[in-house]
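Enquirer: Pasting a structure below so you can have a look.
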Amino acid sequence: MFWNAGAVKKTNRTTAIMYFLSIALPVPLRRSFDYLAPADMTDAAVAALQPGIRIQVPFAGRTLTGVLLELKTDSTVPSQQLKTIGAVLDLQPVLDPELLALGQWAANYYQHPIGEALANTLPILLRKGGSLIKQTETHWRLSTDGKGLPEGALKRARKQAQLLDLLQQQASIGPAALLAHSISRATVKAMLDKQLIETFEATPTTTADTSPREAPLQLNPEQQTAVDRVSQHQGYGCFLLEGITGSGKTEVYLQLIERCRQRGQQALVLIPEIGLTPQTLTRFQRRFNCPIALLNSSLTDNERQLAWQAARCGEAGIIIGTRSAIFTPMPQPGLIIIDEEHDSSFKQQDGFRYSARDIGIKRAFEQQCPIVLGSATPSLETLHNALQGRYQHLQLTQRATGASMPALELMDTRHAPMEEGFSHALLTEIDTEINRGNQVLVFINRRGFSPLLMCHDCGYTAQCPHCDTSMTVHFKQRLLRCHHCESQRALPNNCPDCNSQQLDFRGIGTERSERSLKNRFPHTPVIRIDRDTTSGKFAMQALLEDVNRGQPCILVGTQMLAKGHDFPDVTLVAVLDADGGLFSADFRGPEKMGQLLVQVAGRAGRHSKPGRVIIQTLHPDSPLMLSLANNSYHQFARERLAERQQQGLPPFGHLAMLRAEANNLEQPEQFLRDLRQAVPAIAGANLYGPLPAPMTRRAGRFRAQLLLQSLHRSALHQCLQQLALQGEQHPMGRRIRWSIDVDPAEVF
């Protein structure tokens, strides 16, 4: 601790300059707070305080950890009304000037309280006032007994044998290697208990070796052009790498990072899903010698902070993470990559509602480094910017393996006999592929057994007691679960209303599809991949290992299967229910449907075996379905852009949502109504509502919303600033929850 208010006896001092400390605190108020330096703090000590350090201060009867924004010589609050700071926690800023400025810009753009925004840029332990962690980590090596084991020992314990083999090849391994090879701490403990391995503390070291550990692959002309264009670019440049599924975008990333490392710079790679992290980390560790920092929510607070510190001091040459990793400090920034840039998971949906993709572009601009946005199905906003020349457009139109893209076949199920969501024709196609020794992927974007439990006699439906939605049946666990608030209760045997035993399961989910396929194909492994089966730390890796053995099997899963996975033996992708996007209340529904179908279709026929995609639909004549089946995604997207332009919707217009919620519907509606009436009309900005949200009650709270639309971003933000000011001054502003969502990913 640098300075503590209680550590020194107070003395009176005079100073030629009175400094006021402007501090951002993690509270829901859109401003900073002024404090005084205590009398026992010398003039030199006060003047030495740098923006970006953490300071503990008294606030409303508690102690909070804030971030110093600036030292200033005047304040709008009389000095006699100001409190003095508590403890100065840092000698040097934990937020460097670039990240501090980025956090301030993001808070301003997303109309979010500055203190909460800056808190999101720090690891949890630092937000709570903790110190930087001494950067040592536990490593493992063979003990004397372990060194005496022959190669191939411990065959009956497969994971222990794998760990033994690793340690026989290298002197020691650390936590990152365990994660990369899907070795659990339970396996390590078992080896420790047998006294075959021992632990020791190691200090991470920065390697100067920038040569690749594994030889890069040969690039085709399109890939080579992409690598050359990006790596030869000086300073900031935003590149859209639009490559069909299987076109080798990852190899382009790897070779760009290799050139970045050769320049002694760091690379930041964002991926959309935690489930993709292990396979991404493994591939990067095989290629590069440098330390790699991994940042995602599956890590402990200590692990996450150690990775953050490794990036901050320049030890980690490569940073891989999910959304929040965009705020990771990099003293030598050289490249930012956002893979699957279209994915909605890059937009935070609660609290500080930022877009990691858009902040990444701003960060690349400020730090003058290139950024690559990669996708087979780019968002309409990104594609529009590329078509307008704001981004440089790089296209990969061929699969890296030379395989052909599978055609999308629409299977009309309007009059077809169905069996648990499968038409007989589709079951025949699955049977044919399995008999040929291939693998089949069945996609249904709904987990659980059934989305609705209904009584056949009285019409009772199992509704969530806290949300305006039905509860999903999880049959194996004998539970009813709400997928919105996560409340759950036991699955009843009788109807709660009439005591009838005639309970029906309406609709299908992944669990029901899995059971149906197991009954239909008893001799074929059926592997379900969704949130319920991959909740364990290494569960996803274990399931993918089973798939990658290449034996005939059927994969059943949600959109977790649609992103980034390479299944060489999948020759048929079957989509059970693709019609939901046709009737979405969200204007982005058709775009998301098209992206999801193209992404999941891209899992088929990626290598030597040709692939097929069958989409079951009740609307085979829908223009959207026909456009997807008959055209490329690029053409489909351009048609959607034309529709958006006619309606003035993004990317041709700009949106924001003001949301409010309370224990009754009257309060949030009245709050939003008062705000709308208090804000004068602003030319070019239109307000709609307030209206109840499409799901009015969620988690026991009633929700209303106000939609803002404008063709001009400046008018939109001018209106938002006034609404935010009125919201903080409104008497109900502190009694209800309310938030602003700029560039919302969802408008319902």
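Enquirer: Touching an Asp or Glu at 6+ places or on another chain (Cβ under 6 Å), touching a residue at least 12 places away in the same chain (Cβ under 8 Å) and not assigned by TED's automatic domain parsing to the domain that holds Gly580 - does that describe any residue in region 460-469? Even if it seems obvious, please write down each step before you answer.
Expert: Initially, region 460-469 is screened for residues touching an Asp or Glu at 6+ places or on another chain (Cβ under 6 Å), giving 460.
Subset that is touching a residue at least 12 places away in the same chain (Cβ under 8 Å): 460.
Keeping just the survivors that are not assigned by TED's automatic domain parsing to the domain that holds Gly580 gives 460.
Within region 460-469, one or more residues are touching an Asp or Glu at 6+ places or on another chain (Cβ under 6 Å), touching a residue at least 12 places away in the same chain (Cβ under 8 Å) and not assigned by TED's automatic domain parsing to the domain that holds Gly580.
Enquirer: From the list Arg531, Arg520, Arg549, exactly one residue is more than 25 Å from the chain's Cα centre (by Cα) and in contact (Cβ under 8 Å) with a residue 12 or more places away in the chain. Which is it?
Expert: From the options Arg531, Arg520, Arg549, the qualifying one is Arg520.
Enquirer: Here's another thing I want to ask about it. Considering each of Leu100, Leu95 in turn, give the residue that is assigned to a helix (DSSP H, G or I), within 34 Å of the chain's Cα centre (by Cα) and not assigned by TED's automatic domain parsing to the domain that holds Phe365. Before the answer, list the steps.
Expert: Working: Leu95 fails: assigned to a helix (DSSP H, G or I).
Of the residues listed, the single one that is assigned to a helix (DSSP H, G or I), within 34 Å of the chain's Cα centre (by Cα) and not assigned by TED's automatic domain parsing to the domain that holds Phe365 is Leu100.
Enquirer: Of all residues in region 452-474, which are assigned to a strand (DSSP E or B) and either farther than 13 Å from Pro492 by Cβ or not aliphatic (A, V, I, L, M) (or both)? Working first, answer last.
Expert: Taking region 452-474 and keeping what is assigned to a strand (DSSP E or B), we get 452-455, 461, 463, 470, 472-474.
Listed by number, the residues that qualify are Leu452, Cys455, Thr461, Gln463, Ser470, Thr472, His474.
Enquirer: Which of the residues belonging to region 222-268 are of a type in the set (Lys, Arg) and closer than 20 Å to Pro331 by Cβ? Outline the logic, then answer.
Expert: First pass over region 222-268, keeping only residues of a type in the set (Lys, Arg): 229, 249, 259, 261, 263.
Selection gives Arg259, Arg261, Arg263.
Enquirer: Still on this model: Among the residues of region 352-399, what is the count of those that are of a type in the set (Gly, Ala, Ser) and touching a helix residue (DSSP H, G or I) at 6+ places or on another chain (Cβ under 7 Å)?
Expert: Quick first cut of region 352-399, residues of a type in the set (Gly, Ala, Ser) only: 355-356, 360, 364, 374-376, 379, 386, 389.
Now narrow it down to the ones that are touching a helix residue (DSSP H, G or I) at 6+ places or on another chain (Cβ under 7 Å): 355-356, 360, 374, 376.
Here the count works out to 5.
Enquirer: Taking the stated definitions as given, is Glu643 charged (D, E, K, R), part of a helix (DSSP H, G or I) and loosely packed, with under 15 Cβ neighbours inside 10 Å? Let's see the steps before the verdict.
Expert: Numbers: charged (D, E, K, R): yes; part of a helix (DSSP H, G or I): yes; loosely packed, with under 15 Cβ neighbours inside 10 Å: yes.
Against the criterion (charged (D, E, K, R), part of a helix (DSSP H, G or I) and loosely packed, with under 15 Cβ neighbours inside 10 Å), Glu643 qualifies.
Enquirer: I'd like the full set of residues that are more than 19 Å from Gly648 (Cα to Cα) and either touching a Gly at 6+ places or on another chain (Cβ under 7 Å) or free of Cβ contacts under 8 Å to residues at least 24 places away in the same chain (or both), limited to region 699-724.
Expert: Gln705
Enquirer: Here's another thing I want to ask about it. Mind checking which helices (runs of 4 or more DSSP H) fall wholly inside region 184-301 and carry at least 2 residues that are under 30 Å from Asp165 (Cβ atoms) and modelled with pLDDT of 90 or more? Spell out the reasoning first.
Expert: Numbers: elements: 185-193, 221-231, 249-262, 277-287.
The qualifying helices (runs of 4 or more DSSP H) are 185-193, 249-262.
Enquirer: I'm trying to understand the selection: among the residues of region 561-570, which are of a type outside the set (Phe, Trp, Tyr) and either under 24 Å from the mean Cα position of the chain (by Cα) or surrounded by fewer than 23 Cβ atoms within 10 Å (Cβ to Cβ) (or both)? I'd like the intermediate steps shown before the answer.
Expert: Narrowing region 561-570 to residues of a type outside the set (Phe, Trp, Tyr): 561-566, 568-570.
Across region 561-570, the qualifying residues are Leu561, Ala562, Lys563, Gly564, His565, Asp566, Pro568, Asp569.
Enquirer: Would you point out which residue out of Thr76, Thr84 is modelled with pLDDT under 95, outside the structural domain of Leu716 (by TED's automatic domain parsing), out of contact with any Phe, Trp or Tyr (no Cβ under 8 Å at 6 or more places or on another chain) and surrounded by fewer than 19 Cβ atoms within 10 Å (Cβ to Cβ)?
Expert: Details: Thr84 fails: out of contact with any Phe, Trp or Tyr (no Cβ under 8 Å at 6 or more places or on another chain).
When all the criteria are applied, what remains is Thr76.
Enquirer: What about Gln135, is it at positive phi and touching a residue at least 60 places away in the same chain (Cβ under 8 Å)?
Expert: On the way: at positive phi: no; touching a residue at least 60 places away in the same chain (Cβ under 8 Å): yes.
No, not satisfied.
Enquirer: Condition first: under 14 Å from Leu408 (Cβ atoms) and part of a helix (DSSP H, G or I). Now tell me which residues in region 584-613 satisfy that.
Expert: Met593, Gly594, Gln595, Leu596, Leu597, Val598, Gln599, Val600, Ala601
Enquirer: For region 48-61: of the residues being out of contact with any Leu (no Cβ under 7 Å at 6 or more places or on another chain) and of a type in the set (A, V, I, L, M), which is surrounded by the fewest Cβ atoms within 10 Å (Cβ to Cβ)?
Expert: First pass over region 48-61, keeping only residues out of contact with any Leu (no Cβ under 7 Å at 6 or more places or on another chain): 48, 50, 58, 60-61.
If we keep only those that are of a type in the set (A, V, I, L, M) as well, we get 48, 60.
Working: Ala48: 13, Ala60: 7.
Among those residues, the one meeting the criterion is Ala60.
Enquirer: Looking only at region 363-386, decide whether some residue is of a type in the set (A, V, I, L, M), over 29 Å from Ile740 (Cα atoms), outside the structural domain of Gly605 (by TED's automatic domain parsing) and part of a helix (DSSP H, G or I). Step through it out loud before you land on a result.
Expert: First, pick out the residues of region 363-386 that are of a type in the set (A, V, I, L, M): 364, 371-373, 376, 380, 383, 386.
Narrowing the set further to residues that are over 29 Å from Ile740 (Cα atoms) leaves 376.
Adding the requirement that they be outside the structural domain of Gly605 (by TED's automatic domain parsing) leaves 376.
Retained after the next criterion (residues that are part of a helix (DSSP H, G or I)): none.
Scanning region 363-386, I find no residue that is of a type in the set (A, V, I, L, M), over 29 Å from Ile740 (Cα atoms), outside the structural domain of Gly605 (by TED's automatic domain parsing) and part of a helix (DSSP H, G or I), so the answer is no.
Enquirer: Quick check on this structure: which one of Thr401, Thr432 is of a type in the set (S, T, N, Q), assigned by TED's automatic domain parsing to the domain that holds Met560 and either assigned to a loop (DSSP other than H, G, I, E, B) or under 14 Å from Ile614 (Cβ atoms) (or both)?
Expert: The conditions single out Thr432.
Enquirer: Another one. Just to be sure I understand, how many residues within region 725-739 are buried (at least 21 other Cβ atoms within 10 Å of the Cβ) and either among the small types (Gly, Ala, Ser) or out of contact with any Lys or Arg (no Cβ under 7 Å at 6 or more places or on another chain) (or both)? Walk me through it before giving the result.
Expert: Residues of region 725-739 that are buried (at least 21 other Cβ atoms within 10 Å of the Cβ), as a first pass: 727, 736, 738.
Within this subset, residues satisfying the condition of being either among the small types (Gly, Ala, Ser) or out of contact with any Lys or Arg (no Cβ under 7 Å at 6 or more places or on another chain) (or both) are 727, 736.
Number of matching residues: 2.
The values are calculated or read from the model by the stated rules, or taken from the named source; none is laboratory data. This one's a predicted model, so the numbers in the text were calculated from it and none came from an experiment. Note: ideal-geometry Cβ built from the backbone for every residue, glycine included; neighbour counts use all protein chains shown.
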